[in-house]
1. Mind ranking 56-67, 243-254, 290-301, 150-161 by how tightly packed they are, going by the mean number of other C-beta atoms within 10 angstrom, highest first?
2. Report the full-extension gain for the segment Val65 to Gln169: residue separation times 0.36 nm, less the Cα-Cα distance, to one decimal in nm.
3. How far apart, in nm, are two points set 7 Å out from the Cα along the Cα-to-Cβ line at Lys227 and at Thr260?
4. If contacts are Cα pairs under 8 angstrom and at least 6 residues apart, what is the relative contact order of the range 107-246 in percent?
5. Work out the charge dipole of the chain with +1 on the Cβ of Lys and Arg and -1 on the Cβ of Asp and Glu about the Cα centre, then indicate which of Leu251, Leu51, Ile212 is farthest towards its positive end.
6. Separation of the range 267-335 and the range 22-50 by C-alpha centroid, Å?
7. How high is the FRET efficiency from Tyr330 to Glu135, r the C-beta distance, R0 41 Å, rounded to 0.05?
8. When the dipole is taken about the Cα centre of the chain, and only Lys, Arg (+1) and Asp, Glu (-1) are charged at their Cβ, what size is it in debye, to the nearest 20?
Amino acid sequence: MKMKDTNSSEYIVLTLDAGGTNFVFSAIQSNKDLVDPIRYPSNAHDLDRCLSTIIEGFQEVLRKVGGKADAISFAFPGPADYENGIIGDLPNFPSFTGGVALGPMLEEQFNIPVYINNDGDLFAYGEAIAGWMPELNEKLAAVGSTKKHKNLVGITLGTGIGCGIVVDQNMLRGDNSCGAEIHNTLNKYFPNWNAEEGVSTRAIQKVYADQIGTSFDSNLMPKDIFKIAIGEKSGNKEAASEAFRQFGENLGSTIANVVTLIDGLIVLGGGITSAWDLFFPAMFKEINRPWQDYHGNQTNRLSYKVFNLQDESVFSEYAKGGSKTLRVPYSETVVKYDNMPRIGIGVSTLGASKSIALGAYAYALQKLREE
């Protein structure tokens with residue numbers, strides 16, 4: 001499929017926010033929505049109805065943008081072979097058992113390129129290209145800082161924990177479309193569980209139920225437990241606070257493990273970030289706690305300092321960094337360098353849904369330029 005030779009800002013990309021309950025369709029051009037979002041029930045239990053809904057949703061958006069678009073790009077849950085557009089067995093889409101060639105189907109239906117990725121990957125890509133990372137770099141440059149970030153880990157906090165990694169402006173996809181599966185890292189509290197069992201909606205629900213000695217209640221959502229913790233809803237405040245404390249500690253452990261491999265910014269998104277004030281102290285305490293060897297000697301857990309960039313009072317220190325002067329051996333030359341390795345953690349200002357859409361758009365542009 002040969003694409004038009006034109007400025008990339010003219011490209012129109014059809015997008016989809018695919019949830020287990022609802023599908024939300026839109027179109028983007030120059031990082032701006034062209035239509036009001038179009039919602040359809042996902043019909044995840046019925047494969048024919050689900051696929052028909054996807055086709056009808058994109059057809060309706062296409063009509064609203066004048067019948068012409070250059071690509072379709074969106075996030076869809078995994079497991080999947082995203083490179084080839086094949087979606088695997090999905091817990092939230094029971095009708096997809098056995099695998100569905102979703103990408104090839106849409107390419108045949110619309111005769112334009114189709115790009116499908118994981119929502120965590122696209123969240124990170126959106127934040128790296130048009131979100132938190134460029135915002136922070138502009139802020140650093142405005143105060144004369146030499147610090148400039150190129151790498152980012154995006155983490156979404158909601159029903160589960162999602163992740164995406166961008167290295168030098170390139171989205172890491174992995175050889176098996178599994179480039180950032182941090183939900184399967186170790187759970188600090190329960191080694192037989194994965195990290196998601198401690199960093200998820202059900203984790204907050206479970207800890208609260210355990211603390212008050214009742215059975216698990218899936219109807220009591222994190223937003224309800226948050227309101228209990230801050231005194232806006234009746235319940236056990238101490239138990240609610242402990243649920244978010246344990247969530248933060250587990251999240252901090254997961255983040256610390258990830259950033260030992262990816263030396264870059266961490267940006268958080270998703271509904272649970274609204275409870276930031278309840279979980280961030282435990283999160284940073286865990287990230288910054290020291291390691292200890294068998295002699296009892298303590299060392300820093302990480303090779304760099306981690307800043308809470310939600311706290312404006314620390315920005316000047318972060319921007320300034322360190323400054324050390326050295327004389328070049330066997331020379332009169334003097335050099336300076338920043339001797340404070342550091343990264344920052346913050347919360348998305350765009351919101352996860354918008355970042356995912358912008359990530360999908362940016363990824364489509366990248367692929368279109370390559371063809």
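1. Final packing ranking: 243-254, 150-161, 56-67, 290-301.
2. Working: separation 104, 0.36 × 104 = 37.44 nm, distance 2.96 nm.
Between Val65 and Gln169, full extension yields 34.5 nm more.
3. 4.1 nm
4. Numbers: 195 pairs, mean separation 21.4, N = 140.
The value is 15 percent.
5. Value: Leu251.
6. Here the two parts' Cα centres lie 40 Å apart.
7. On the way: r = 44 Å, r/R0 = 1.07.
With a Förster radius of 41 Å, E is 0.40.
8. For this selection, approximately 1060 debye.
All of the numbers you see were taken from the coordinates with simple rules; none came from a lab. Not measured: the values here are computed from a predicted model. Note: ideal-geometry Cβ built from the backbone for every residue, glycine included; neighbour counts use all protein chains shown.
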